[in-house]
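Peer 1: Below you will find the structure I want to go over with you.
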Amino acid sequence: MLIFTTQMVLDTLSSSLKNTLGKITKAIFVDDTLINELVKDLQRALLQADINVQLVFELSKNIKERAKENPNPGLTKREQLLTIVYEELTNFLGKEPKEISITKKPTQIMLVGLFGSGKTTTAGKLARFYKKRGYKVAVMQTDTWRPAAYDQLEQLAKQIGIDFLGIKKEKDPVNIYHAFEKKLKEYDIVIIDTAGRDALSEELIEELNQLQAAAHPEERLLVIAADLGQAAQKQAQAFHDTCKVTGVIITKLEGTAKGGGALSACAVTGAKVTFIGIGEKIDDLEAFHPQRFVGRLIGMGDLEGLLEKAKEVISEQSAEEMKDKFLKGDFNLIDLYEQMKALKQMGSFGKLMEMIPGMGSLQLPKEMLQVQEGKLEKWKHAMSSMTKAELEDPEIISAERVDRIAAGSGVSIGEVRELLKQYRQSKKMMKMFKGEQDIGKLMKNMKGKLPKGFGG
Ligand code: GDP
Ligand code: MG
């Protein structure tokens, strides 16, 4: 069900964001060129989703700036970049979710909005949403403008199996409210539907404020249609200023390319989106969580693990293991690959150095020490074209074999040679680590001898 709706919500934006982020995962190097390309793609995707130009500009600026930060320990540059994009998009749509607290009995939720925005439908959806969660819910119809409104909500209430409160001939919404006031204690939640107009007129403001003064609802939620796009901002602001709305429900989000505009526009006014409507049916309503929503837009599969990882710190144990391996000295190509992989996972060679007693004082530039992105993949391909004997003792690999390995793996001859050179250099360094007791001497020896693959 969730996956199904994800595909419908903001389909275009979602697929272009996924494409864009896919580029990060596939890129060999995370450099300025990639970041610039990424930001351009994002801009295109967001502008197509009708998001305000100024907002898109700010988002781009933030991403570019933050991309310069050093990655958190345990994150590669690539993962760091994905995390930044995710976080910035989330902030864009309202940071924290707005939860409606159902503590007071009854908690009254009043829905306001213009004609056709989806108030009555949403009143039914909300009632269903809360009934499913075990609350005793009633809906009240105070829309005396549209004769059909009474029947519409009564029908929905019947369908859901909850109480409907309304007086067919009554013209004054406040009278309707007072008629049921005493009865409301029976319910956990009362959802109050109201009348709309074509525009936010003085008359509508007056009517809503009178009803509000009588009911003192805990929540006043503005119902707004996603197809308004950026225009949602003006409407949200106007309702915010005159009716003190406590949140927004955006409806019809499944049917428009402009949904991003409506969502971000509401975030700008400070009005928090509480629910989204994603279809005409009674169950087509979801609580809105910016994080989850963005996660789904860009494909949460990749992200869940990544965000977990961002919180992790390198464990002492894995550092210990690395230290032992490193100090052993006698090693083959597979060891090299494993070590490089482990180093990459740990973020940087520098981090390891800090954990080896006496090594922390070495002043090595951090960027120099990061395992180069993409290189490991190529090495892996090259190594898969080698024989077992070659992997165990790369010294036996002849120039002719280098050519064959390159041809067989699709990796360039230069890169295969670089791998072998890296192996020799690393082996030399292993011996140094093992033999040298004098740190000062070691430092001198290390100058200019750091394996190239460790550099950026
Ligand atoms: P009201 O005038 O604000 O009470 O609006 P209604 O609840 O009568 O809804 C107006 C129209 O919008 C109806 O045809 C609803 O079926 C439709 N509608 C409401 N919410 C959604 C939604 O989330 N998605 C879609 N596609 N249609 C919706
Ligand atoms: Mg209505």
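The values are calculated or read from the model by the stated rules, or taken from the named source; none is laboratory data. Everything numeric in this text was worked out from a predicted model, so none of it was measured. Here Cβ is always computed from backbone atoms with ideal geometry, including for glycine, and neighbour counts include all displayed protein chains. SASA here: full protein model, heavy atoms, side chains in, ligands and nucleic acids out. Shrake-Rupley method; radii C 1.70, N 1.55, O 1.52, S 1.80 Å.
Peer 1: Pick from Lys169, Lys131, Lys119, Lys98: which is free of Cβ contacts under 8 Å to residues at least 24 places away in the same chain and open to solvent by 10 Å² or more (accessible area, probe 1.4 Å)?
Peer 2: Working: Lys131 fails: free of Cβ contacts under 8 Å to residues at least 24 places away in the same chain; Lys119 fails: free of Cβ contacts under 8 Å to residues at least 24 places away in the same chain; Lys98 fails: free of Cβ contacts under 8 Å to residues at least 24 places away in the same chain.
Step by step, each of Lys169, Lys131, Lys119, Lys98 is checked, and only Lys169 is free of Cβ contacts under 8 Å to residues at least 24 places away in the same chain and open to solvent by 10 Å² or more (accessible area, probe 1.4 Å).
Peer 1: Please list, ordered by residue number, the helices (runs of 4 or more DSSP H) wholly in segment 120-236 having 3 or more residues that are touching a strand residue (DSSP E or B) at 6+ places or on another chain (Cβ under 7 Å), within 16 Å of ligand 2 (Cβ to nearest atom) and in the same structural domain as Gly259 (by TED's automatic domain parsing). Give the derivation first.
Peer 2: Details: elements: 147-160, 173-180, 202-215.
It comes to 147-160.
Peer 1: Further question: Kindly indicate the residue of segment 237-251 that is under 23 Å from Lys281 (Cβ atoms) and crowded, with 24+ Cβ neighbours inside 10 Å and also nearest to ligand 2 (Cβ to nearest atom) among those meeting that condition.
Peer 2: Narrowing segment 237-251 to residues under 23 Å from Lys281 (Cβ atoms): 247-251.
Retained after the next criterion (residues that are crowded, with 24+ Cβ neighbours inside 10 Å): 248-251.
Values: Val248: 17, Ile249: 13, Ile250: 16, Thr251: 12 Å.
Checking each candidate, the answer is Thr251.
Peer 1: Now, a different point. Looking for whichever is away from ligand 1 (no atom under 16 Å from the Cβ) and under 29 Å from the mean Cα position of the chain (by Cα) here; the options are Lys136, Lys132, Lys104. Which one fits? Let's see the steps before the verdict.
Peer 2: Working: Lys136 fails: under 29 Å from the mean Cα position of the chain (by Cα); Lys104 fails: under 29 Å from the mean Cα position of the chain (by Cα).
One residue alone meets the criteria, Lys132.
Peer 1: Could you pull out the residue among Leu419, Leu442, Leu376, Leu450 that is aliphatic (A, V, I, L, M) and at pLDDT 80 or above? Before the answer, list the steps.
Peer 2: Details: Leu442 fails: at pLDDT 80 or above; Leu376 fails: at pLDDT 80 or above; Leu450 fails: at pLDDT 80 or above.
After ruling out the rest, the residue left standing is Leu419.
Peer 1: Counting only residues that are open to solvent by 30 Å² or more (accessible area, probe 1.4 Å) and of a type outside the set (A, V, I, L, M, F, W, C), which one in segment 264-284 is nearest to Ile249 (Cα to Cα)?
Peer 2: Lys272
Peer 1: Now, a different point. Among the numbered criteria (1) more than 16 Å from ligand 2 (Cβ to nearest atom); (2) free of Cβ contacts under 8 Å to residues at least 40 places away in the same chain; (3) within 30 Å of Asp198 (Cβ to Cβ); (4) not β-branched (Val, Ile, Thr), which single criterion is violated by Glu88?
Peer 2: For Glu88, the exception is condition (3).
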